[in-house]
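J.: Sharing a structure below in structure tokens format, with a few things to ask.
The values are calculated or read from the model by the stated rules, or taken from the named source; none is laboratory data. Quick caveat, the model's predicted, so the values are computed rather than measured. Cβ atoms come from the backbone with ideal geometry, glycine included; neighbour counts cover every protein chain shown.
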Amino acid sequence: MQAIQLVEPEKFRTIEIPEASPPGPGEVLVRSHQCGICGTDISGYLGKMPFFEYPRIPGHELGVEVVAVGEGVTHVAVGDRCSVEPYMHCGDCYACGQGAINCCERLQVIGVMIDGGLRGEFIIRADKLHPSAKLSFEQLALVETLAIGCHAVDRGGVREGEACLVIGAGPIGLATLEFVQLRGARPVVLDLDEQRLAFCRDRLGIEHALAPNDDLVEQLKACCEGHLPDVVIDATGSEISMSKSFSLIAPKGRLVFVGLTTGEVVFRHPVFHRPEGTLLCSRNALPNDFRQIIRWIESGRIDTEPWITHRIPFAEVADQFPQIIRPAARTIKAMIQVS
């Protein structure tokens, strides 16, 4: 069976691996059909992802088909189409005991710490599969990206009528904006890329999609009825942006970091103390995020049609990957057709 392995930063190779063994109790054998490319994959490719280990078979945004089920598996059956929740939690640590399985002390994310879905078939725990009889494999592969945004909005406690600024209009920022709007909040998005801002205006219907100017505070007040945003969600993964974001919240405001950086985030304490700000981080997502998103896509509350801008055949990943991650490619979401 063929798989695509990231041997080291910026070096893919196609390898032969053994056929998957039959699933054991509580396990499922799945066939990969579609795999989304996200910021984690790009950071791993560039050698900038702190949790990525080499060599690794990437792929965690997945639409898969159930091929065989192990003993005790009842919620999925052979032939089911599923989204994969890629966060393998232990169930025994303190975080898991508190329900924070997304922060498990021994967490292993497939495609990052352990091998992922850029291979024909693989074994996965049954509890990590979320089936849908209605969604396509591409739609199912989008669920994980959307779940990251959903969880970030939950962490920020975004409420109807609040002004919510999302910094960064990459895939995670766009996913976050989906749920800001679903909550009935008033979205504002900042990005330096005019193409992405145009996408927000034209495809997502966001009125205030802005490139920051020299007086960002006044620029934001003009969009938020005279005050700064109630919630700021930084999805850039840039320590420069994240450091500046402390000065952008309204009184009693919340700042959420959903992007991840290995750099130092610094701020002057009075800037954040004065409005009595709250700092939150958002990591991964929870099972109910996946289930809810699938229901919302099925019902039409989330439109996935605008998302996928690039499609890559499995055999062309090594050649096309460096091209689609270039800013000039204008990629929103790229999908790899695995099988």
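J.: Residues of region 89-108 being under 17 Å from the mean Cα position of the chain (by Cα) and either surrounded by 17 or more Cβ atoms within 10 Å (Cβ to Cβ) or more than 14 Å from T40 (Cβ to Cβ) (or both), which ones?
T.: Scanning region 89-108 gives I101, N102, C103, L107.
J.: Can you tell me which residue in region 149-171 is farthest from R254 (Cα to Cα), limited to those that are in a helix (DSSP H, G or I) and touching a Ser or Thr at 6+ places or on another chain (Cβ under 7 Å)?
T.: Among them, the one singled out is P171.
J.: Name every residue in region 248-265 that is without any contact (Cβ under 8 Å) to a residue 40 or more places away in the chain, out of contact with any Asp or Glu (no Cβ under 6 Å at 6 or more places or on another chain) and crowded, with 19+ Cβ neighbours inside 10 Å, in order of residue number.
T.: Listed by number, the residues that qualify are I249, L255.
J.: Within region 116-125, identify whether any single residue is assigned to a loop (DSSP other than H, G, I, E, B) and under 30 Å from R254 (Cα atoms), and answer yes or no.
T.: no
J.: Another one. Looking at V30, V112, V84, V64, can you tell me which residue is buried (at least 21 other Cβ atoms within 10 Å of the Cβ), of a type outside the set (S, T, Y) and at pLDDT below 95?
T.: Just one listed residue meets the conditions, V112.
J.: For region 194-204, indicate whether the set of residues that are in a loop (DSSP other than H, G, I, E, B) and modelled with pLDDT of 95 or more is non-empty.
T.: No, region 194-204 contains no residue that is in a loop (DSSP other than H, G, I, E, B) and modelled with pLDDT of 95 or more.
J.: Here is a follow-up. Could you look through region 159-177, keep only residues that are crowded, with 23+ Cβ neighbours inside 10 Å and not aliphatic (A, V, I, L, M), and pick out the one that is farthest from the chain's Cα centre (by Cα)?
T.: This residue is C164.
J.: Within region 1-26, which residues are surrounded by fewer than 21 Cβ atoms within 10 Å (Cβ to Cβ) and farther than 23 Å from E316 by Cβ?
T.: P18, E19, A20, S21, P22, G24, P25, G26
J.: So is R119 in contact (Cβ under 8 Å) with a residue 60 or more places away in the chain, more than 24 Å from T236 (Cα to Cα), surrounded by fewer than 20 Cβ atoms within 10 Å (Cβ to Cβ) and not polar (S, T, N, Q) or not?
T.: No.
J.: Going through region 271-328 one residue at a time, which ones are assigned by TED's automatic domain parsing to the domain that holds G36, assigned to a helix (DSSP H, G or I), among the charged types (D, E, K, R) and closer than 19 Å to E138 by Cα?
T.: Matches in region 271-328: E316 only.
J.: Restricting attention to region 227-240, and to residues there that are surrounded by fewer than 21 Cβ atoms within 10 Å (Cβ to Cβ) and over 16 Å from C164 (Cβ atoms), which single residue is nearest to the chain's Cα centre (by Cα)?
T.: S238
J.: Would you mind telling me which numbered condition in (1) out of contact with any strand residue (DSSP E or B) (no Cβ under 7 Å at 6 or more places or on another chain); (2) surrounded by 19 or more Cβ atoms within 10 Å (Cβ to Cβ); (3) within 30 Å of V189 (Cα to Cα) A141 fails?
T.: For A141, the exception is condition (1).
J.: If we only count strands (runs of 3 or more DSSP E) wholly inside region 20-85, which ones have 1 or more residues that are closer than 14 Å to D115 by Cα and either among the polar types (S, T, N, Q) or touching a Pro at 6+ places or on another chain (Cβ under 6 Å) (or both)?
T.: Ranges flagged: 27-37.
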